[in-house]
Amino acid sequence: MIKILFFARLQEEIGKDSLNIEKAGLTVDQLKQWLEKEHGLQSLDQTMAAVNEDYADGSEVLKEGDTVALIPPVSGG
Amino acid sequence: MDTRYSRQELFSGIGKEGQKRLQEKHVLVLGAGALGSASAETLVRAGVGTLTIIDRDFVEWSNLHRQQLYTEADAEHNHPKAIAAKERLQSINKDTTVKAYVLDAKADNLKKLVQDADVVIDGSDNFDIRFIINDLSQKYRVPWIFGAFAGSFGMSYTFLPEKTPCLQCILSTIPSSSMSCETSGIIAPAVQMTSAHQTTEALKILTNQEESLRGTLLLFDVWNTQQQSIRTDKIKKTDCPSCGKERTYPYLVHEQDTKLEVLCGRNTVQIRPSEKKEYDFNTLASELKQHGNVRKNSYILICTLSDCRLAIFQDGRVLIHGTKEIDKAKHLYHRFIAKEKE
């Protein structure tokens, strides 16, 4: 099981702040594509990701028990 | 006996030595909106020696719920934020030298300001300027403290040249406008939380305690009480164009002197003349009075037309509120403001 945490607009789009899924083995990029397709999220191209509180690039492979945070950049100041 | 900073000096992280250092330092606050207001107030109260604050905008009623330096009178009279901020900050602490500029920040006019600063606090509202700050920070080796928010969510990171990854390492491209516009509103506590993290890091830098810096990309949601503190050790890129070995500072080299710019998420177009202009506000006011209500102070003239509002700054910039269409904005600009020259 992988836990996905959603921040900012993603929370509003998906209607919750986290999701547990059985998707170990996917890369971060593949997970983003899956979410876009299955949950109708807008493009996650520019969304940053962290796995277990380590900044992660798109090629990182997700393992059982990982927590993935998806962070869209926000710009307000 | 001077007790002004006694409680701050009692805090072990600052002490009398730290206080003395603060009083010798210079902070640049880039932007005097919500974050800039909050951070500038904190640092001026803390007793920094010099604080420079810049902003291109003026105070409006929709700012007051979160931009803590401003009053109803500032909104009523459309005071430029930089000027209103300086007045308030100076009344809070006369010992801090407060410098304020009504300025549309660009690579060329920021260069000197960044070089003169010990730390830059990000109070901007767009990533175009943040990528320029990032390059200037790397080039002149001045740390900068990023902060941004939307809704109840905020984030912050402290960029230390030669040590941490830079903005370009974290975000390889400027986020597109659809993701970076302030479309989800904002509550003041998210501003204060973001600013609290920025100013805490600034206090460490200003008192020469880099070893105490957080070192992580911090994210938080004040409404849902979520937080992530993300390690960034692995992402510094040796081939980064802004902080790598063969750096080119792409946002300083390729900067375009944009004449027309749609201000993100605000239904406003900014027109910046390629040459600096100075208007005679009295003449302009009497002309524009035929077309709509006109108000002015010594920095800005505002003319309200039937479906748009023109805000003309002394430096020649014009903000056209009420449209996102560049052609319409251009048309209004030529019809009402730059007619004799074009």
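Observations, loosely collected:
- Longest segment of chain B lacking chymotrypsin sites (Phe, Trp or Tyr not before Pro) that sit in a DSSP loop with at most 15 other Cβ atoms within 10 Å: B:12-222
- Spatially proximal aspartates and glutamates relative to residue B:106 (Cα-Cα < 15 Å; intrachain offsets below 8 disregarded): B:55, B:57, B:122, B:125, B:128, B:135, B:255, B:257, B:261, B:275, B:315
- The overall shape of the protein assembly as shown, judged from the alpha-carbon gyration tensor, is oblate: a/c is not under 1.5, and a/b is no greater than b/c.
- Axial C-alpha extent at least 24 Å, average Kyte-Doolittle at least -0.5 - helices from chain B (DSSP): B:188-206
- The residues of the stretch A:7-66 have, on average, 52 Å² of accessible surface per residue, using a 1.4 Å probe with all protein chains present.
- Calculated accessible area for the stretch B:37-128 comes out at 38 Å² per residue, all protein chains present (probe 1.4 Å; ligands, DNA, RNA ignored).
- Tensor-based shape of the stretch B:27-134 (alpha-carbon gyration tensor, a/c under 1.5 rounded, otherwise prolate or oblate): oblate
- When +1 charges are put on Lys and Arg Cβ atoms and -1 charges on Asp and Glu Cβ atoms, the dipole computed for chain B relative to its Cα centre reaches about 260 debye.
- Heavy-atom accessible surface of the protein assembly as shown: percent carbon and sulfur, 1.4 Å: 48
- Seen from residue B:169, the other residues with C-beta closer than 14 Å to its C-beta sum to a net charge of +3, counting Lys and Arg as +1 and Asp and Glu as -1.
- Heavy atoms of the protein chains alone define the surface here; on that basis the stretch B:197-342 has 54 Å² accessible area per residue at 1.4 Å probe size.
- Student exercise, the stretch B:61-123 dipole from Lys, Arg, Asp, Glu Cβ charges, in Debye to nearest 20: 100
- The interface between chain A and chain B buries about 2600 Å² of solvent-accessible area in total (1.4 Å probe, ligands and nucleic acids excluded).
- Interface residues, the stretch A:8-55 - accessible area loss of 40 Å² or more versus chain alone, probe 1.4 Å: A:11, A:46, A:48, A:53, A:54, A:55
- Helix-only CD estimate at 222 nm, as mean residue ellipticity for chain A, using -39500 (n - 2.57) per DSSP H run (n ≥ 4): -6500 deg cm²/dmol
- Amide hydrogen proximity for residue A:76: with H placed 1.01 Å from N in the peptide plane, the residues at 5 or more positions away or on another chain lying under 5 Å are B:149.
- For chain B, the relative contact order comes to 13 percent (Cα pairs under 8 Å, sequence separation of at least 6).
- Using C-alpha pairs below 8 Å separated by at least 6 residues, the relative contact order for the stretch B:199-303 is 9 percent.
The values are calculated or read from the model by the stated rules, or taken from the named source; none is laboratory data. Being a predicted model, the structure only gives us computed values, none of them experimental. A quick note on method: Cβ atoms are made from the backbone with ideal geometry, for glycine too, and the neighbour counts reach across all protein chains shown. The protein model used for the area step is the full one, side chains on, heavy atoms only, and it has no ligands, DNA or RNA in it. Shrake-Rupley method; radii C 1.70, N 1.55, O 1.52, S 1.80 Å.
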